[in-house]
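The values are calculated or read from the model by the stated rules, or taken from the named source; none is laboratory data. If you're wondering where the values come from, they're calculated on a predicted model, not measured in any experiment. Using ideal geometry, Cβ is built from the backbone for each residue, glycine included, and neighbour counts are taken over all protein chains shown. Side chains are part of the model used for accessible areas, which takes the heavy atoms of the whole protein and leaves out ligands, DNA and RNA. Shrake-Rupley method; radii C 1.70, N 1.55, O 1.52, S 1.80 Å.
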Amino acid sequence: MFAPEIYAKRRAELRAKIGSGLILLPGNQNSPNNYPNNAYYFRQDSTFRYYFGLNIPSLMGVIDADSGEEWLFGDDFTVEDIIWTGPQPMLSELASGVAVKNTAPLSALQPLVERAIRLGRRIHFLPIYRGETKLQFVELLGLKPSMLHDYKSVDLMFAVAEMREKKGPEEIEALERAYQIGYAMHTTAMRMCREGVVEREIAGAVAGIAHAMGQGVSFPTIVSQHGETLHNLNSDGVLENGRLLLVDGGGESLEGYCSDHTRTYPVSGKFTPKQQEIYEIVRRAHGRIAEIIRPGMMYHTEIHLECYRLLAEGLIGAGLIKGTAEDAVASGAMYLFMPHGLGHGLGMDVHDCEAFGERSFDFSSIKERAEASATCIYRAAWRVQPGTVMSDEPGIYFIPALIDKCKAEGKFKGIVNYEALESYRDFGGIRIEDDILVTESGCRMIGDKRLPVTVEELEAVVGK
Ligand code: GLY
Ligand code: MN
Ligand code: MN
């Protein structure tokens, strides 16, 4: 947890941005796995933690944007609870640790909200993503679950996204700690990689590191010889010489900040010439993007499309694309090779602030642009700025079903060399990913040392 003044300052800034109404920021609740007392691993809501700092379940933060009053609602532990949990701080003690003066039991929340509704005051809340929280809001607001979406506060979404996007120095330090976890996870995976090992053994070992060094993985680790399946969570494969292994994983620091890195390397420890050719195309794009990012750039047009252009140049050299890189990008053909965005925001969520929409109300045209570009709606009109942290994760994937579909539909004729693609059907996929901080003058990678990334560096560590 950071110093109490940091949370007080963040809440004051949010209040000033919103101006009027009651802001409700729910913390997450424990979510039962197979019976109520056996819950899933607890993960706090990142926005609640950003403004109220506490990493315990069943709290609600409230800010009255008109009066400036702030509350933490929650129930103190009873002796029956303490038998199971051990002694716990009182809610009032927890609140003073994050500079909140008022506390009250959860039962006092309903009258406060009802009174605000009676007075015609605006109730601000973010899009709700958990069933338990939806039920809580259905009761509090007297709405049907299907109506919650219509009543979300777009003003609050933009205000929170704007604040969470611009990382402060204490957040960057936490991201550096998350990097150290990612570094240990990935170098362990590299050393474990050899023929006969089951992918799951690597996934389990790196998850153990994330739990030992921080608060766990920032998303379920992808360890797969089928790198062409973008988020492949099946880790049943047995490593075979000749194949590439893709490992995409990251950890969370104890403050809840995430890292997210990907490396792809040969199980045998030695790239074949064909693997190396495609690997170098991805690595060039990854390295170049990390050089060109500047504050003020538009993510989609100036970063994502530049990545597509760099990959297209490489694929022309490999004989898989014909014509010019510009034509390949303009035709949409790059979607066939990299059907995802070059990067995403990173912070307290591994895809930071992605539920919070665009910095524009022009949703229809943004949607069209997003569909055309394979980037999500949030990212289509994203302008990076000092303090933005984003992933740089280009890839080239050979997805037989996508190749067949595009070919059957007659797409990208004269641009994609479908004949040459035939011999890549069992190649798999390559992705390289690091996390970048946008600075006042350019950008730098998070982390004091680089994960092995060149062919020579990887060959020196894989299986050793
Ligand atoms: N780990 C998911 C991603 O790279 O976006
Ligand atoms: Mn990743
Ligand atoms: Mn990522």
Looking only at the range 200-221, count every residue that is within 16 Å of ligand 1 (Cβ to nearest atom) and closer than 15 Å to residue 232 by Cα and tell me the total. 5
Could you tell me whether any residue of the range 256-264 is open to solvent by 50 Å² or more (accessible area, probe 1.4 Å) and assigned to a loop (DSSP other than H, G, I, E, B)? no
Please tell me if residue 251 is within 14 Å of ligand 1 (Cβ to nearest atom), of a type in the set (Gly, Ala, Ser) and in contact with a helix residue (DSSP H, G or I) (Cβ under 8 Å, 6 or more places away or on another chain). yes
Among the candidates 204, 250, 227, 196, residue that is open to solvent by 20 Å² or more (accessible area, probe 1.4 Å), under 19 Å from residue 462 (Cα atoms) and touching a strand residue (DSSP E or B) at 6+ places or on another chain (Cβ under 7 Å): 196
Is there a residue in the range 20-29 that is under 29 Å from residue 169 (Cβ atoms), open to solvent by 10 Å² or more (accessible area, probe 1.4 Å) and modelled with pLDDT of 95 or more? yes
Residue 327 at pLDDT 95 or above and within 20 Å of residue 437 (Cα to Cα): no
Go through the range 223-267 and count every residue that is under 20 Å from residue 397 (Cβ atoms), within 16 Å of ligand 2 (Cβ to nearest atom) and either without any contact (Cβ under 8 Å) to a residue 24 or more places away in the chain or of a type in the set (Asp, Glu) (or both). 6
